[in-house]
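Heads up, the thing below is written out as structure tokens.
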Amino acid sequence: MANLFSPEDGMGPRDCYGRRHAALPCLSIDRVMENRLFVSTAPLLKIPRELLLEIVQAIDSKSLSALALVNSDCRQFARLRQFAHVTFNHYPSSKALIQSLDGERKRREIDPLNPVAQGRAQGTIGPCIQSITVHMFDNWIDCSVEDQLIINCDSFFEYTSIIEKIVNDGTTLPHLDLVVWRDVFSPRKYCYLSKSPIRYLHLIDPIIEDFDISPWNNPCDWKLQALTVIQPVVPYTWRNDISLFGRRILWDCAPTLQHLTWVGGRSFKLANELGEPPCFKMLRYLQVLSLDLPTTRCWNILLTAPLVGLCLRYSEGSILHQALEECGYIRTLETFVWNGSLHSPCHLSFLSVNNHILRFALDHPSSADILENRLLPMFGTHFKNLRSLSLIWPQDLKVLSESALSMISQIRSLEQLHLTVGNVEGWRYSRNWRVDHNAIRHHLKPLSHLQKIAFSGDEYPRMRGELEHEPNADYWSTADALSGEEIIGADDEQMLSFWEEIHKCTCLREAGVYAEVFPKMTWIFLGQLPMRVVSGGGRKTVIPLTENRDNCATLLKRMFGWVGRWPVGRDLIPE
């Protein structure tokens, strides 16, 4: 109970790395119970329902099945979390869930005013579902036997028709907000999804069938708030052109759309046959990657919206640089993420015009010449409101220059800083940056508002002399910290365990020095260890947030870049 009155920064439950993420808000007890009274008279159920919801959220997920066996009311409490996010595929458990929901739909159709006939008196699953993922074409389908393939195909069409009825019926899933579609997407499915109550739609690598519906002939009042479309960067030859689909869905959702992410796919126009463009008057967050719109006018339709966050990726032959030059100043812009390397003067000119932004991040390495001779001097002299900065140097850089650190120290408004050298994700992962923390602290000391600092791509030797360049050889040496008895007879696994323990201790000690130099420091990430700074009793204590090392790629993207800036707690944007 004490945890209920001391929440940890309002974050959600811990994941397997010990980190906390913002969770999709739970439905209220009244909505899940469909405003009916409790059947049980247990004293616990007499407390306010708001507090009861907090208790249900604090229960460990492994104990929910035991909670469901107590009584019908507790079963509904458990379902509130167990069925908040469901997946429809060909697994037997998924098929059973689809059939159960279809049964609830039929009972509601028979007598919509009778809760007993609908099964509501004992609780139902439908009101607990907030998001669904449709992935009927997955690897579980057995296509090795011809008869089994025919059975699976028949089953596919049967269950997709049931899913259509469940989603299209607003009473079975009254609280459905998010649909993640990883399947065939046809005009028929578009029509019934547009009539559903969903507000967030993610189309992940969908197979788009022929779309011959003209948006200006068949207007649709779809109150969609967030749209994500992720297509292969190079579409498969058997995939149909999605240009008509893109024009249709953006036209229908433009009046209410607040978040738009479009990754990959073929180019398409936004205006209709009469030349009338859609109006994105509510659009706040825009992310367009690997999609080359045909004209600067198409880009300007999106860039002239009242954007708060903008994430773009430049590709060869794109006219994006011309659109950025024409767009110029975006008054409402706060966050700008460049998903690529800075190599064109127009990118820097767009930045210089929008010197009021609060957050800037690079998602790919850029040359040291661009960063240290063009970007950082501009930030230090013209960006007086910049609070968050994330930069990536190329992997051939061994030591971060003191001149670069001095220029960063001129950005006095910084509250959080992320420095990376090399590629820290994917198959090109590399760690060859020997960090001189003494130099970093010395040069960045003027940043009196700095609260969070992170280093990625940093490398530390396991034994003395393992690396040619060791700015703090005595500090990083394991031989000085291990006694002779520990080293003699130790195998490789034991030596690695010794090093991991000493590495954690040295990182904690380094973080403690950062906490003393920067008075407002609250969070530090170095040596692949996230740490928190806690103040109390006139002293500062550094606490590790994970047991083992982790690159925390998603966490850093959420903190410094783009991932997670959605109204739903799902990271669907590709790394």
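The values are calculated or read from the model by the stated rules, or taken from the named source; none is laboratory data. What you see is a predicted model; the values in this text were computed from it and never measured. Positions of Cβ are generated from backbone atoms using ideal geometry, with glycine treated the same way; all protein chains shown enter the neighbour counts. Areas reflect the complete protein model, heavy atoms only, side chains present, ligands, DNA and RNA absent. Shrake-Rupley method; radii C 1.70, N 1.55, O 1.52, S 1.80 Å.
General remarks:
- Some residue of the stretch 250-262 being open to solvent by less than 30 Å² (accessible area, probe 1.4 Å) and of a type in the set (D, E, K, R): yes
- Across the stretch 289-311, the number of residues qualifying as at pLDDT below 90 and either in contact with a strand residue (DSSP E or B) (Cβ under 6 Å, 6 or more places away or on another chain) or of a type in the set (Ser, Thr, Tyr) (or both) comes to 5.
- Within the stretch 263-284, considering residues that are open to solvent by less than 60 Å² (accessible area, probe 1.4 Å) and modelled with pLDDT of 90 or more, the one nearest to the chain's Cα centre (by Cα): LEU283
- Only one of the numbered conditions (1) surrounded by 21 or more Cβ atoms within 10 Å (Cβ to Cβ); (2) modelled with pLDDT under 90; (3) in a helix (DSSP H, G or I) is violated by TRP427, and that is (1).
- Annotation: of all residues in the stretch 377-423 being within 17 Å of PHE455 (Cβ to Cβ) and part of a helix (DSSP H, G or I), the one that is most open to solvent (accessible area, probe 1.4 Å) is GLU402.
- For the stretch 536-556, the count of residues that are assigned to a helix (DSSP H, G or I), more than 30 Å from HIS202 (Cβ to Cβ), touching a helix residue (DSSP H, G or I) at 6+ places or on another chain (Cβ under 6 Å) and at pLDDT 60 or above is zero.
- Spans of helices (runs of 4 or more DSSP H) in the stretch 48-93 with at least 3 residues free of Cβ contacts under 8 Å to residues at least 24 places away in the same chain and surrounded by 12 or more Cβ atoms within 10 Å (Cβ to Cβ): 64-68
- Condition met for LEU324 (open to solvent by less than 10 Å² (accessible area, probe 1.4 Å), on the phi < 0 side of the Ramachandran plot and not in a loop (DSSP other than H, G, I, E, B)): yes
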